[in-house]
1. Test Ser69 against the stated conditions and say whether it is over 17 Å from the mean Cα position of the chain (by Cα) and hydroxyl-bearing (Ser, Thr, Tyr).
2. From the list Leu110, Leu83, Leu148, Leu116, exactly one residue is under 30 Å from Leu34 (Cβ atoms), of a type in the set (A, V, I, L, M, F, W, C), in a helix (DSSP H, G or I) and more than 23 Å from the chain's Cα centre (by Cα). Which is it?
3. Kindly indicate which of Ser87, Ser77 is small (Gly, Ala, Ser) and in contact with a helix residue (DSSP H, G or I) (Cβ under 9 Å, 6 or more places away or on another chain).
4. Test Asp130 against the criterion of being out of contact with any His (no Cβ under 7 Å at 6 or more places or on another chain), in a helix (DSSP H, G or I), of a type in the set (D, E, K, R) and at pLDDT 85 or above, and give yes or no.
5. Check Phe48, Phe120 and return the single one that is open to solvent by 70 Å² or more (accessible area, probe 1.4 Å), over 27 Å from Pro27 (Cα atoms) and either touching a residue at least 24 places away in the same chain (Cβ under 8 Å) or not charged (D, E, K, R) (or both).
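The values are calculated or read from the model by the stated rules, or taken from the named source; none is laboratory data. What you see is a predicted model, and the numbers here were worked out from it, not measured in a lab. Every residue, glycine among them, receives a Cβ derived from its backbone with ideal geometry; neighbour counts consider all protein chains shown. We work out accessible area using only protein heavy atoms, side chains counted, and drop any ligands, DNA or RNA first. Shrake-Rupley method; radii C 1.70, N 1.55, O 1.52, S 1.80 Å.
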Amino acid sequence: ESRDRIFSKLIFSIILLRSITGGWIMPCVTKAALRALPPEKVRDGSAFISLIRGIGNVTGMTLLTAIFSTRADYHLSKLSETLEAASIGVQQAMSDLAKYLHMAGVPDGLASIKSLSMVFQVVTEQAIIDAYNDTFLFMAVLLVISILPAALLKKTR
């Protein structure tokens, strides 16, 4: 099975797990938060929790999108520099690839362009995978950091 297919299944599994557990956890967290309020403040507390949850969702997605985009640009730049540093080997590999494409029936001028396109596609895919890894690492660190305040919450009846 290809690495991309395994990666896609992993991402799908993580999203599915998050969706299922979020559906179980959020009502409990909301109930615990509202239980700590006096009865006359429960309605206001519920509205406030909904507002904060909405703001948190939008802010979180914006932050993760910015991190992903920045890291993808960074990795693309670094991988491009690596290709430039090894330009003789890269040029030889692209020349060989163009020859194979030409032997497969691709016209000569188009074979060179197609080989460059294929190398660019591989480099871009690797940069995107590295950016996803960085973004997931950021989220894991944030999760670990957020466990401490959650553990310090006092229990109420």
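1. No.
2. Unique residue meeting the criteria: Leu148.
3. Result: Ser77 is the single residue among Ser87, Ser77 that is small (Gly, Ala, Ser) and in contact with a helix residue (DSSP H, G or I) (Cβ under 9 Å, 6 or more places away or on another chain).
4. no
5. Among Phe48, Phe120, only Phe120 is open to solvent by 70 Å² or more (accessible area, probe 1.4 Å), over 27 Å from Pro27 (Cα atoms) and either touching a residue at least 24 places away in the same chain (Cβ under 8 Å) or not charged (D, E, K, R) (or both).
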